[in-house]
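Data first, discussion second: the structure below is written as structure tokens.
Each reported figure results from applying straightforward, stated rules to the coordinates on display, with no laboratory input. Predicted model only: the values in this text are computed from it and were never measured. Glycine gets a Cβ as well: all are built from the backbone with ideal geometry, and neighbour counts include every protein chain shown.
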Amino acid sequence: MLRTLLILAIPAAGLMANLVDPGGPRFRGGPLRLEAIPIAEHLRTAQAQSLARCRAAAEAGDAEAQTRLGLMYYCGDGVPMDWSEARTWLRKASEQGRADAQAKLGAMCFLGEGGPCSLAESLRWFRCAAEQGQTLAQTGLGIMYAFGLGVPQDLLRAYVWLRQGEAGGSAEAAWLCRELESCLAPAQIEEGKRLAAEAIRRR
């Protein structure tokens, strides 16, 4: 019971934020001044042309380009950072079935980035991406079930999704799996491992 209370006390938003951006603030600067290099203008031109091609493809409905453009707006990479615009492009890609876009959009909806916080939307997109084997989404879905966020709390179902996230390399999923194992009966742990392995094999 004590372990269960510990699980419930962990701030889920912090876990989700770390999952979305485990490296924290990105390095932007240093002693090197790009404008001092003769090829700087060529690099800026090439970047602008690449952005124009990406935008044109995204506007034409290319889901990969929509995802790239959404992530560029999310990070402020070559464009001003704009989470609302990021959501717009990631949603377009998500509606075409792009798992990476669905996972990112699910996390943004969970955290309220670029728009209102919506657990229902987060659950929808995490589930779509998780069923395609997307690790971030599997971990996010596991977090939602572990804490009962937008869904009834279900530690076994959380464990099944987190085991899949752990298999995909998520450190957050691996840590939460160990915590959940202290709350689940041995038979439940074995059942969770079996269900997760079956889901991975089916994909």
Net charge of neighbours whose Cβ lies under 10 Å from the Cβ of Met72, counting Lys and Arg as +1 and Asp and Glu as -1: -1
Between Asp154 and Ala120, the two model label points (7 Å from Cα along the beta-carbon direction) sit apart by a distance in nm of 1.9
Residue separation between Ala56 and Ala197 times 0.36 nm, minus their alpha-carbon distance, gives in nm 46.6 nm
Between Gln49 and Ala171, what FRET efficiency follows from the Cβ-Cβ distance if R0 is 30 Å, with the result rounded to 0.05? 0.20
So, by mean Cβ neighbours within 10 angstrom, what's the order for 109-115, 185-191 with the highest one leading? 109-115, 185-191
What is the calculated FRET efficiency for Glu64 to Glu131, with r their C-beta to C-beta distance and R₀ = 25 Å, to the nearest 0.05? 0.80
Taking Lys and Arg as +1 and Asp and Glu as -1, residues besides Arg98 with C-beta under 13 Å from its C-beta add up to 0
Two-site label geometry, Met81 and Ala187: point separation in nm, points 7 Å out along Cα→Cβ: 5.1
